[in-house]
Amino acid sequence: GVVRDINERKVGELRLESSEERFRKLLANSSDLIAIVNGKAELIYANPAAQRVLGWEPAGNVARSMFDLVHPDDIGAAAEAFSRDISVPGFNPPAVYRFRTAGDEWRLLEVVATNCLDEPAIGGVVINARDVTDNVRLVRAQRTLSAAIQVVVHAVDESSLLADVCRMIVDGSDY
């Protein structure tokens, strides 16, 4: 009786420890940035990917507003989405915002917020973010190349080709 109860409890404790360790390792080794912010958008937790993605030391940014890192032109949309995120429980649709790195560069992060404010184990909004900067630049480059090919193929003469190429450079210079 008593020995069996102690053994079962010990086995249960070992399983719990193993499960907790597995989740710690998953968070620590995730390529995606995973963070928890409170209802005021202040950072409660960020996994080590925060340093890999943005260069920021997660521990040094606790209590910092996530909006401090968002590009000024994106703050309005991000604040509107966050207001929706904290009022609607569960998963919310993804959005892309520019975030400042520790080196004062801007990276495009695709952000998915899940409202877990009412879940005692989390008590915040879980933010999953992945860096899509290189993907977005690649898509832009492909569009520009495709447009350039169309200009060359449809050129009537050298003068119109030169005018079209110049127009394309000016119009597509959002890199």
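The values are calculated or read from the model by the stated rules, or taken from the named source; none is laboratory data. Given the structure is predicted, the values throughout are model-derived calculations rather than measurements. Positions of Cβ are backbone-derived with ideal geometry, glycine not excepted, and every protein chain shown enters the neighbour counts. For the accessible areas, the whole protein counts, side chains as well, though only heavy atoms, and no ligand, DNA or RNA atoms are used. Shrake-Rupley method; radii C 1.70, N 1.55, O 1.52, S 1.80 Å.
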Inset, instruction - Scan region 108-142 for residues that are within 30 Å of residue 169 (Cβ to Cβ) and either among the hydrophobic types (A, V, I, L, M, F, W, C) or within 14 Å of the chain's Cα centre (by Cα) (or both) and jot them down. - result: 108, 109, 110, 131, 132, 133, 134, 135, 136, 138, 139, 141
Legend entry - Filter result (β-branched (Val, Ile, Thr) and farther than 18 Å from residue 124 by Cα) within region 45-104: 53, 70, 75, 96, 101
Inset, instruction - Return the residue satisfying two criteria in turn: it lies in region 49-92 and is of a type in the set (A, V, I, L, M) and touching a Ser or Thr at 6+ places or on another chain (Cβ under 9 Å), and of such residues it is nearest to residue 119 (Cα to Cα). - result: 49
Inset, instruction - Take the residues in region 35-94 that are polar (S, T, N, Q) and part of a loop (DSSP other than H, G, I, E, B), then tell me which one is most open to solvent (accessible area, probe 1.4 Å). - result: 38
Legend entry - region 93-139: number of residues that are in contact (Cβ under 8 Å) with a residue 60 or more places away in the chain and among the acidic types (Asp, Glu): 1
Inset, instruction - Mind listing just one residue for me: the one in region 133-164 that is in a helix (DSSP H, G or I) and touching a helix residue (DSSP H, G or I) at 6+ places or on another chain (Cβ under 6 Å) and, of those, surrounded by the fewest Cβ atoms within 10 Å (Cβ to Cβ)? - result: 147
